[in-house]
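Structure first, then comments.
The values are calculated or read from the model by the stated rules, or taken from the named source; none is laboratory data. These numbers were taken from a predicted model, which means no experiment stands behind them. No Cβ is skipped: glycine too gets one built from the backbone with ideal geometry, and neighbour counts run over all protein chains shown. Remember, those area values only see protein heavy atoms, side chains included, never the ligands or the DNA or RNA. Shrake-Rupley method; radii C 1.70, N 1.55, O 1.52, S 1.80 Å.
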Amino acid sequence: MTAVEMHQQFELLYNNIISNQAPGLNSYEISQFLTKAQLEKLKNYFNPKSNTLKEGFDDSKKRQLDFSNIITTVEVSKLLNPTVFLEDVDWVYKVPSNTLMILNEYLTVPNHKEYMDLHITSINYDEYTRRKQRYYQKPLKYESWKLVIDHAIIDDVPYDIVELIPNVSKDLGYIYKLRYLRMPVPIIIEDLSSLGLTIDGVSSVSNCELDVEIHDEIVQRAVEMAKAAYIQGDLKSSIEIGNRSE
């Protein structure tokens, strides 16, 4: 379903709510509702506690199909001159800031028989301090700790800066590989440049990147949001609209 088709379906469902007497919405408002509904669908599907089926991303083939278009695999670049080190042997990498959910990640050494892939364990600062106070102060043999240490703009591109701390004595040419779900582009039904407006920095028409099987659900959720905001318009309605159908 294209952005234009989603617009048409939104208008049809929205106007049917109160027999074509619903308050009119402009292209920017509709695009905002569609984009917000898309992001809400993503977050609710990832968290089993947030949907009625109690299924997360890995619990359903349909879930994986719905988001297959935004699965990305990359080899993450190491920063050559990092300014922060916690250990004698650790490395700093830049991870795309549009990362919504990490599916798989590991450090690997190509064509090196002695070392296996290192499993990456994300820890926070308190956990790092606690682990450093125990008798064995390093990660397990085939493990690497990961700390998110900064957010930076590099060559006009935003990144999250992470520090990887493996249980090795030297850098053997490790490559940090990452498979993740990236943030989808906003759904914009008409060009917004004439209005001087953008959504997440985008003003041109953009279609929904998620699988077509989930498009109807996004439109339905966007209409529910519009109904709560413009028709009922009270706190009780906004809370009740949270009873979703994922």
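What to note about this one:
- Here the label points at L100 and V4, each 7 Å from Cα along the C-beta direction, are separated by 2.5 nm in the simple model.
- Peptide packing: for 29-40, 127-138, the average count of neighbouring Cβ atoms within 10 Å per residue gives the ranking 29-40, 127-138, highest mean first.
- Within the assembled protein chains, the solvent-accessible surface assigned to V219 is about 0 Å², based on a 1.4 Å probe.
- Taking all protein chains together, I214, I149 sort by accessible area into I149, I214, largest first [probe 1.4 Å].
- Phi-derived couplings, Karplus 6.51 cos²θ - 1.76 cosθ + 1.60 at θ = phi - 60°, listed residue by residue for the range 221-228: 5, 5, 5, 4, 5, 5, 4, 5 Hz, with x used for Gly and Pro.
- Couplings 3J(HN,Hα) of the range 136-142, computed from phi: 9, 9, 10, x, 5, 4, 10 Hz, in residue order, whole Hz [Karplus 6.51 cos²θ - 1.76 cosθ + 1.60, θ = phi - 60°; x for Gly and Pro].
- For S144, residues with placed amide H under 5 Å, excluding near neighbours: H119, I120, T121
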